1. I'd like the full set of residues that are more than 20 Å from Ala73 (Cβ to Cβ) and without any contact (Cβ under 8 Å) to a residue 60 or more places away in the chain, limited to region 96-114.
2. Which of the residues that make up region 198-235 are surrounded by 20 or more Cβ atoms within 10 Å (Cβ to Cβ), assigned to a helix (DSSP H, G or I) and touching a Cys at 6+ places or on another chain (Cβ under 9 Å)?
3. Kindly indicate whether any position in region 420-429 is within 23 Å of Tyr316 (Cα to Cα), among the basic types (Lys, Arg) and not in a loop (DSSP other than H, G, I, E, B).
4. Would you confirm whether any residue within region 194-201 is among the small types (Gly, Ala, Ser) and out of contact with any helix residue (DSSP H, G or I) (no Cβ under 9 Å at 6 or more places or on another chain)?
5. Taking region 318-360 on its own, how many of its residues are at positive phi and out of contact with any Ser or Thr (no Cβ under 8 Å at 6 or more places or on another chain)?
6. So, in region 349-396, exactly how many residues are among the small types (Gly, Ala, Ser) and part of a strand (DSSP E or B)?
7. Among (1) touching a helix residue (DSSP H, G or I) at 6+ places or on another chain (Cβ under 8 Å); (2) surrounded by 16 or more Cβ atoms within 10 Å (Cβ to Cβ), there is one condition His88 misses while meeting the rest; what is its number?
8. Output the residue which, of all residues in region 266-286 that are in contact with a Phe, Trp or Tyr (Cβ under 9 Å, 6 or more places away or on another chain) and surrounded by fewer than 20 Cβ atoms within 10 Å (Cβ to Cβ), is farthest from Asn92 (Cα to Cα).
Amino acid sequence: MYPQAFINRIQAQLTDAEQMLEALSIPPVTSIRKHPIKGTHVDVNTAQGIKWCPDSFYLPERPVFTLDPAFHAGAYYVQESSSMFLWHILENIFDEKNVHILDLCAAPGGKSTLIASWLNGEGLLVSNEVIRTRASVLLENMTKWGYANTFTTHADAYVLGGLNEFFDCIVIDAPCSGEGLFRKDKNAVDEWSEANCDLCASRQKKITGDILPALKEGGYLIYSTCTFNPAENDENIKWMLQNFPLEVVKLKDAGFPEVVSTEQGGYAFYPHHTKGEGFYCCVLRKTAEMDPNKNIRRQKLKFDPIDVKKFDPAMYVKSSDEFFWFDHHRKISGIHIAHRKSWEEISAITKILGGYLAIGELKGKDLVPDHGLAMSIYLNPPFQVVELDKGGALRYLSRKDFLAPKSEPGWTTINYQSLTLGFAKILPGRVNNYYPQEWRIRMEI
């Protein structure tokens, strides 16, 4: 049962409130979005495609994703279909993809992996999460997605607001009261209260005000929530228009009659109209510069360029000449040449946790390959490849003993259906599993 105060507000808010409340009793649908490159290995019913996002599909039932090795390889992402409308927005507002985009409240990574897919190696994405535990989940998912133009950060919005006029687009998927997730998340129902709705609306205002200096004049703010609450949606947009140099942008092609246009120019998704959960979004354009936030600058990081005569990244990475390679504490990493200046600007105010291309750590004469290299779309391994069946792959992903058939001693790339899962090292009489301990499958197989 839903809170009575929520029911009362929905009845006052919508003319078809009873249909909406009835829809909340229907089991939610499950949807996935395939990786542009890795996703070619995923077999799915393409007849159930999602209109506003290519390579995304509804599933007839929800499988146990933990038991699918392709999921761990980053071949697809499980994402709520309504929030995939972001792809349609990006297609409408940009004519080219060499742009800087910030996903401000990015964990666990649904919108960030979508943006990374849309950019497909062009431009730059900064994926940020202020809560440290959630930032680690975000970094895991961005690592699995495998692009090298996606910096992951853990910073407050005010700190990133010090990147004056830096981004062409900022996505704020604001922390909200979560009403749109009621039928799939019992915790969202239990935590709901009118006071919490008011608190969320205030927090959303602060986040927006703190980050706006980082948006270029003429750049786009994409504001979204997963709630039906007008105070967190249209009323917040009205407040933004009154307090900042912003104007609402109507999409050239809204294109979908089941998506409801709101009074302030936003787009609302209701479960009795669309095959998905509740979602709200609005696109705004910044019309003038703003005073930058004043931040304490971090000490400038120093990176030692590697000597390619002693260590050649081309042995491990495709298109290695596109990167600036450096040795930091014996760890070999690369930043795309086009983003080296951006790296310096961002790392001057906050630490970049990952997203760049990590090859591995030098230990003596041996290179211990980084798991991010296994996940990377640039991987060009000099190692032998061991192809495992599903049972063997799940044992590897659980960090249990597994058989490595027809393998020679040395470093090995572990694959499942031509998808790279990670690395192992074959030794006489045993196999060392290098799948990250913190990512291992914990459930019984």
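The values are calculated or read from the model by the stated rules, or taken from the named source; none is laboratory data. What you see is a predicted model, and the numbers here were worked out from it, not measured in a lab. Every residue, glycine among them, receives a Cβ derived from its backbone with ideal geometry; neighbour counts consider all protein chains shown.
1. Taking region 96-114 first, the residues more than 20 Å from Ala73 (Cβ to Cβ) are 96-107, 111.
Correct list: Glu96, Lys97, Asn98, Ala107.
2. If the condition is that a residue be surrounded by 20 or more Cβ atoms within 10 Å (Cβ to Cβ), assigned to a helix (DSSP H, G or I) and touching a Cys at 6+ places or on another chain (Cβ under 9 Å), then Cys200, Ala201, Gln204, Ile207, Glu232 are the ones that fit.
3. Going through region 420-429, the residues within 23 Å of Tyr316 (Cα to Cα) turn out to be 420-427.
Applying the additional criterion that residues be among the basic types (Lys, Arg) yields 425.
Add one more test, that the residue is not in a loop (DSSP other than H, G, I, E, B), and what stays is 425.
Yes, that holds for at least one residue.
4. So the first thing to find is which residues in region 194-201 are among the small types (Gly, Ala, Ser), and the list is 195, 201.
Of the ones still in play, those that are also out of contact with any helix residue (DSSP H, G or I) (no Cβ under 9 Å at 6 or more places or on another chain) are 195.
Scanning region 194-201 turns up at least one residue that is among the small types (Gly, Ala, Ser) and out of contact with any helix residue (DSSP H, G or I) (no Cβ under 9 Å at 6 or more places or on another chain).
5. Going through region 318-360 one residue at a time, the tally reaches 4.
6. Of region 349-396, the ones among the small types (Gly, Ala, Ser) are 354-355, 358, 360, 364, 372, 374, 376, 391-393.
Now restrict to residues that are part of a strand (DSSP E or B): 354, 358, 360.
Of the residues in that region, 3 qualify.
7. (1)
8. Here the residue is Lys275.
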